[in-house]
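The values are calculated or read from the model by the stated rules, or taken from the named source; none is laboratory data. Since this is a predicted model, take the numbers as computed values, not measurements. Methodologically, a virtual Cβ is constructed for each residue, glycine included, from the backbone with ideal geometry; neighbour enumeration extends over all protein chains shown. Calculation scope for accessible area: heavy atoms of the full protein, side chains included, ligands and nucleic acids excluded. Shrake-Rupley method; radii C 1.70, N 1.55, O 1.52, S 1.80 Å.
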Amino acid sequence: MATITLEKINKVYPNGFHAIHDLDLDIADTEFLVLVGPSGCGKSTALRMVAGLEEITNGEMRIGDRIVNEVEPKDRDIAMVFQNYALYPHMSVYDNIGFALKLAKTPKDETDRRIREAARILELDEQLDRKPAQLSGGQRQRVAMGRAIVRQPAAFLMDEPLSNLDAKLRVQMRAEIASLQRELGVTTVYVTHDQVEAMTMGDRVAVLKDGFLQQVDTPQNLYDRPQNVFVAAFIGSPSMNLFEGTLTLDSSGQGGSLTLGSQAISIPSEVLAARPALAAYDGQPLIYGIRPEDMEDASLDSRPDDQCIHGEVSLVEALGAEILVHFGVDAAPVDSGDPDAVVELGDTAVVVGRFNPRSRIRLRDSAKVAVHAERLSFFDSSTRLAIWD
Amino acid sequence: MGDIVSALVITVIALAALAALLGAMYWVVGRLPKKWREGARAWVFLFPSAVAVTIGLLVPAIRTIYLSLLDDNGNKFVGFENYVDVFTTTGTRLTVFNSLSWVLIGTIATVAVGLAMARFADGMRIESAAKSAIFLPGAISLVGTGLIWGFVYAGPPFDVGLLNAVTEGIPGLPDSWGGGGDRLWLLERGFGGVDPPDSAPGVNTFLLIVVFIWAQAGISTVIFSAAIKGVPDSLIEAAKVDGATDQQTFYRVTLPYIRSTIVTVATLTTVAGLKAFDIVAATTGGRFGTSTIANEFYVTRFVQGRSGVGATLAVLIFILVIPVMILNRRAQARAEEMMGG
């Protein structure tokens, strides 16, 4: 059990590529911290630096009270779960799990007890004599977990451990890993590109992009109060709808309206009252976002007309409990900076709304959509930082 | 000129005839009932190589076994007398022992040197240069290799020996050994000063095995190097995180992972060792207690004209290769099972 502290950590590769910029992270004892970000954001590099598999260019890394910058991986008292599991193919499940204990010269009977205990927790009792090649994907994943927990290390480091599993197993293992971690109380750093994993598993989530830390917070805070455009778009599925528009305050300064292409959304006074900083943007362009669930089929929602928008429906996805309605508006789409996202081109933005399944909206309808304007997020269009105050 | 043209014409006609024959057979097979078609089609393509293997390999092998049961003139049936001869005559017994030394020392050393070079060259700045340097000897024909090392080991009266030149300056070495006025490396007698053929195998055979290792280590380094690079990085990293030192990682993860490659290289080297002829023939011609089974076979059959014992020695090589092949097959199967292949 230990804290993990990263202070102004930088990683510059010999070819000059600057992968991590001044990364600061304080990971508390027993905490489950998820590093999430699009491909190439530096999350795996950061994890590998904690493991000692990647050299730290500068900055200070501490596990517990010990500075570990120059400490070999084997002396860091960490266990790692790899994306492809990295099981030793020539060893049985038993030997795979026990390899670290054997290297540490743990007494034979204790080694045996701990291997069997780990196997019991992971329901691998029947597989102990098998070789990895004879196991299913899910079982291999469990062996990789077993190899980590048998060590009773100061920290678990997990590098996309579920990405090689099929969707159903992934959901199941997601819950199992999270509860196992809570049970064992071992500090865990977990890397994933899947924001659902990040949200469901982490005590806190650190969002990275291009080697820069964007925000570290609890999953709910990330979702409710993203600090910038990137986090707003990255967290949540479907993504927050982002537009560039102009805010105009009315003469009383109490309310105002936002342009959405050729349309406008009226802004209630309480929004402006809660965020006095918005007053400075009067007549200025800014970026604003609407989460899909903050929109509704206007026929099912009694909003005044000035809080409704119109658009032609291009896709309806019925999911049973909800329907996702895609419709076009003539506003300029905003590129959130996520390299994995599909970038929309041109002057038409596709908006996704999460509607009540009773909605009767059909493909190619001209939909009237109510916007819960009090739930809007606002961002400065040049700094791209959120305006919450 | 006319000869070349007619030879070319005949070659072309022969190839065309073969193609026509195959085409015709393929056509006929295509008209067979469906249930026979697949099997028959395979035989059409196997047929030419089956004929070649029968004429070039099977028939001579059977004939050699038959000859080994006849006397040296190939007239009288003598049963296993030749085999008894080979194992009771001191000279040939030494030959068998020498060949087994080639196999044992040569194979172990080739694998060990290859693994060591591959491991330590891995990731070095001069890796490719170092590997090229160690690979080069393997590109020279073994007869050439033998001639080169003949010069290295040479003593008087040909005062060109590289080893002699190098050891000249080392104090404490006697000025001469092995007779004559200088240091002889390939002694003109067997081990312990006993003249061949009654001598034990000794330093001479060992010196020739060194030549063999020199010639084989390059290719084994290159093969091992490729195999080591094929070990997934994450496996090595997992071992490091699990607490393994570099050495433990190499012995407990890398080596088991490339096991099937090791078995392959060991098999190839073993077979090459059993066949060892060129180096022996080019350096000592099998004298001074250095003869191997293959060299002895050549001398017995083609120099002395004794077909019975000659054939027996050839059969002996054949028999010795069989267990190697079986072991190789088993090891490969185990390795494939491990890798889930």
Which one is farthest from the other protein chains (Cβ to nearest Cβ) among residues in the stretch B:229-265 that are of a type in the set (Lys, Arg) and in contact (Cβ under 8 Å) with a residue 12 or more places away in the chain? B:Lys229
Answer yes or no as to whether B:Ala50 is touching a Phe, Trp or Tyr at 6+ places or on another chain (Cβ under 9 Å), in a helix (DSSP H, G or I), surrounded by 11 or more Cβ atoms within 10 Å (Cβ to Cβ) and not assigned by TED's automatic domain parsing to the domain that holds B:Phe135. yes
Being open to solvent by less than 50 Å² (accessible area, probe 1.4 Å) and within 21 Å of A:Ser163 (Cβ to Cβ) is the filter here, so list the residues in the stretch A:223-237 that pass it. A:Phe234, A:Ile235, A:Gly236
Based on this model, can you work out whether B:Trp102 counts as in contact with a Phe, Trp or Tyr (Cβ under 8 Å, 6 or more places away or on another chain), at pLDDT below 80 and in the same structural domain as B:Ala266 (by TED's automatic domain parsing)? no
Just wondering, is there one or more residues in the stretch A:159-169 that are under 29 Å from A:Ala28 (Cβ atoms), assigned to a helix (DSSP H, G or I) and away from chain B (no Cβ under 14 Å)? no
Scanning the stretch B:94-138 residue by residue, those open to solvent by 70 Å² or more (accessible area, probe 1.4 Å) and among the basic types (Lys, Arg) turn out to be B:Arg125
Can you tell me how many residues in the stretch A:126-138 are away from every other protein chain (no Cβ under 13 Å) and either more than 22 Å from B:Ala244 (Cβ to Cβ) or open to solvent by 50 Å² or more (accessible area, probe 1.4 Å) (or both)? 4
So which of A:Thr57, A:Thr30 is on the phi > 0 side of the Ramachandran plot and polar (S, T, N, Q)? A:Thr30
Are there any strands (runs of 3 or more DSSP E) wholly within the stretch A:281-389 with 2 or more residues that are free of Cβ contacts under 8 Å to residues at least 60 places away in the same chain, and if so which? A:308-318, A:323-329
Using beta carbons and a limit of 6 Å, which pairs, at least six apart or on different chains, have the first residue in the stretch B:19-30 and closer than 14 Å to B:Ala42 by Cα and the second one of a type outside the set (D, E, K, R)? B:Met25/B:Val44; B:Tyr26/B:Val44; B:Val29/B:Ala40; B:Val29/B:Val44
Check whether at least one residue in the stretch A:176-193 is of a type in the set (S, T, N, Q), without any contact (Cβ under 8 Å) to a residue 12 or more places away in the chain and either away from every other protein chain (no Cβ under 14 Å) or under 30 Å from A:Gly236 (Cβ atoms) (or both), and report yes or no. yes
Can A:Ser359 be described as surrounded by 14 or more Cβ atoms within 10 Å (Cβ to Cβ), touching a helix residue (DSSP H, G or I) at 6+ places or on another chain (Cβ under 9 Å) and of a type in the set (Ser, Thr, Tyr)? yes
Scanning the stretch B:283-296 residue by residue, the ones that are over 16 Å from B:Ala272 (Cβ atoms) and assigned to a helix (DSSP H, G or I) total 2
Can you give me the number of residues within the stretch A:238-279 that are open to solvent by less than 50 Å² (accessible area, probe 1.4 Å) and within 17 Å of A:Gly337 (Cα to Cα)? 5
Restrict the check to the stretch B:311-328 and report whether at least one residue is assigned to a loop (DSSP other than H, G, I, E, B), open to solvent by less than 50 Å² (accessible area, probe 1.4 Å) and either over 30 Å from B:Ile148 (Cα atoms) or in the same structural domain as B:Gly91 (by TED's automatic domain parsing) (or both). no
Of all residues in the stretch A:195-208, which are open to solvent by 40 Å² or more (accessible area, probe 1.4 Å) and either in contact (Cβ under 8 Å) with a residue 40 or more places away in the chain or within 16 Å of A:Leu157 (Cβ to Cβ) (or both)? A:Val196, A:Asp203, A:Arg204
Counting only residues that are open to solvent by less than 60 Å² (accessible area, probe 1.4 Å) and assigned to a strand (DSSP E or B), the stretch A:15-51 contains a total of 11
So is A:Ala154 open to solvent by less than 40 Å² (accessible area, probe 1.4 Å) and among the small types (Gly, Ala, Ser) or not? yes
Residues of the stretch B:161-191 being at pLDDT 70 or above and either assigned to a helix (DSSP H, G or I) or under 30 Å from B:Thr269 (Cβ atoms) (or both), in sequence order, are B:Gly161, B:Leu162, B:Leu163, B:Asn164, B:Ala165, B:Val166, B:Thr167
Within the stretch A:66-75, how many residues are buried (at least 18 other Cβ atoms within 10 Å of the Cβ) and either out of contact with any helix residue (DSSP H, G or I) (no Cβ under 7 Å at 6 or more places or on another chain) or modelled with pLDDT of 95 or more (or both)? 1
In the stretch A:42-99, residue farthest from the other protein chains (Cβ to nearest Cβ) [restricted to those that are within 21 Å of the chain's Cα centre (by Cα) and of a type in the set (Ser, Thr, Tyr)]: A:Thr45
Return a yes/no flag: does the stretch A:104-125 have any residue that is within 12 Å of chain B (Cβ to nearest Cβ), free of Cβ contacts under 8 Å to residues at least 12 places away in the same chain and part of a helix (DSSP H, G or I). no
Candidates B:Gly218, B:Gly230, B:Gly243 - the one that is under 17 Å from B:Val111 (Cβ atoms) and out of contact with any Ser or Thr (no Cβ under 8 Å at 6 or more places or on another chain): B:Gly218
Checking A:Arg142, A:Arg174, A:Arg147, A:Arg113 in turn, the sole residue that is open to solvent by 70 Å² or more (accessible area, probe 1.4 Å) and out of contact with any His (no Cβ under 6 Å at 6 or more places or on another chain) turns out to be A:Arg113
